[in-house]
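Remarks on the structure that follows.
The values are calculated or read from the model by the stated rules, or taken from the named source; none is laboratory data. Values in this document were obtained by computation on a predicted structure and should not be read as measured data. Note: ideal-geometry Cβ built from the backbone for every residue, glycine included; neighbour counts use all protein chains shown. Accessible surface areas use protein heavy atoms only, side chains included; no ligands, DNA or RNA. Shrake-Rupley method; radii C 1.70, N 1.55, O 1.52, S 1.80 Å.
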Amino acid sequence: RGTHELYDLFNPPKGPEVPSLRELLLRTYTHLGIDGICYWVFYLKRGKLSEVDLKSKHQLFPVKNKAGRLIGWEERKDGRTVATFDVKMVIPMKYYQPSDIYSGLSPLRAAMLSVEQERNIASWNSGFFKSGMRTPMVLETSKTLTPKQRAALRDDVQQFYSGSVNGHGAFIA
């Protein structure tokens with residue numbers, strides 16, 4: 001069903017119409033651990049609950065009005081909408097994602113971002129101290145550069161001094 005092998009392991013192709021609470025929670029926490037979000041979708045027949053299904057973030061997408069307010073959900077397959085759901089028929093189960101209220105941040109992704117940020121900070125600090133805690137050079141010209149020349153020079157220097165280790169390069173005002 002999903003794009004990861006674990007989805008197939010925890011989402012049998014023909015599960016029960018209304019899964020047991022144990023199965024639903026197991027599948028939910030598996031999706032939360034991988035993606036940080038999944039959806040419980042409730043289907044009604046003649047006003048009564050007929051099916052509960054779990055959808056991944058690769059299947060269900062929010063539908064918003066022009067003001068950005070959530071008005072429903074779309075299930076998509078191969079880029080096409082195959083079903084739409086009322087807001088009340090879907091419960092998003094997710095971990096908090098600070099930059100997007102409609103998506104989740106899995107614990108693994110949060111840990112990876114934290115480690116990555118720590119490594120970048122350590123690398124930047126190391127470069128700062130290796131440079132003697134100062135900008136290593138200032139570029140000066142005897143003539144005024146045209147805006148085009150200035151932009152080309154700035155791009156070249158920024159490219160040369162890019163990255164956390166080389167981030168303490170030349171100052172160009």
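Below, the figures for the structure above:
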read-out: Filtered residues of segment 85-109 (kept if of a type in the set (A, V, I, L, M), surrounded by 15 or more Cβ atoms within 10 Å (Cβ to Cβ) and out of contact with any helix residue (DSSP H, G or I) (no Cβ under 7 Å at 6 or more places or on another chain)); value: MET89, VAL90, LEU105
read-out: Checklist (1) under 20 Å from the mean Cα position of the chain (by Cα); (2) at pLDDT 90 or above; (3) more than 29 Å from SER114 (Cα to Cα) applied to VAL90, failing item; value: (1)
read-out: Residue check, VAL82 at pLDDT 80 or above, surrounded by 12 or more Cβ atoms within 10 Å (Cβ to Cβ) and within 30 Å of SER20 (Cβ to Cβ); value: no
read-out: When residues of segment 115-159 are limited to those that are hydroxyl-bearing (Ser, Thr, Tyr) and at pLDDT below 75, the one least open to solvent (accessible area, probe 1.4 Å); value: SER131
read-out: Residue check for SER162: polar (S, T, N, Q), in a loop (DSSP other than H, G, I, E, B), open to solvent by 60 Å² or more (accessible area, probe 1.4 Å) and at pLDDT 75 or above; value: no
read-out: Selection count where residues are among the hydrophobic types (A, V, I, L, M, F, W, C), more than 22 Å from THR84 (Cα to Cα) and exposed (fewer than 12 other Cβ atoms within 10 Å of the Cβ), scope segment 18-52; value: 1
read-out: Selection from segment 54-96 of residues that are of a type in the set (S, T, N, Q), assigned to a strand (DSSP E or B) and more than 20 Å from GLY36 (Cβ to Cβ); value: THR81, THR84
read-out: Residues within segment 43-53 that are part of a strand (DSSP E or B) and either within 19 Å of the chain's Cα centre (by Cα) or more than 28 Å from ARG109 (Cβ to Cβ) (or both), tallied; value: 7
read-out: Extreme residue, modelled with the lowest pLDDT, among residues of segment 2-42 that are within 28 Å of the chain's Cα centre (by Cα) and of a type in the set (Val, Ile, Thr); value: THR3
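Matching residues to (1) of a type in the set (Phe, Trp, Tyr); (2) in contact with a Ser or Thr (Cβ under 9 Å, 6 or more places away or on another chain):
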residue	(1), (2)
TYR39	yes, yes
GLY47	no, no
SER50	no, no
LYS55	no, no
ALA67	no, no
LEU70	no, no
ARG76	no, no
GLU116	no, no
ILE121	no, yes
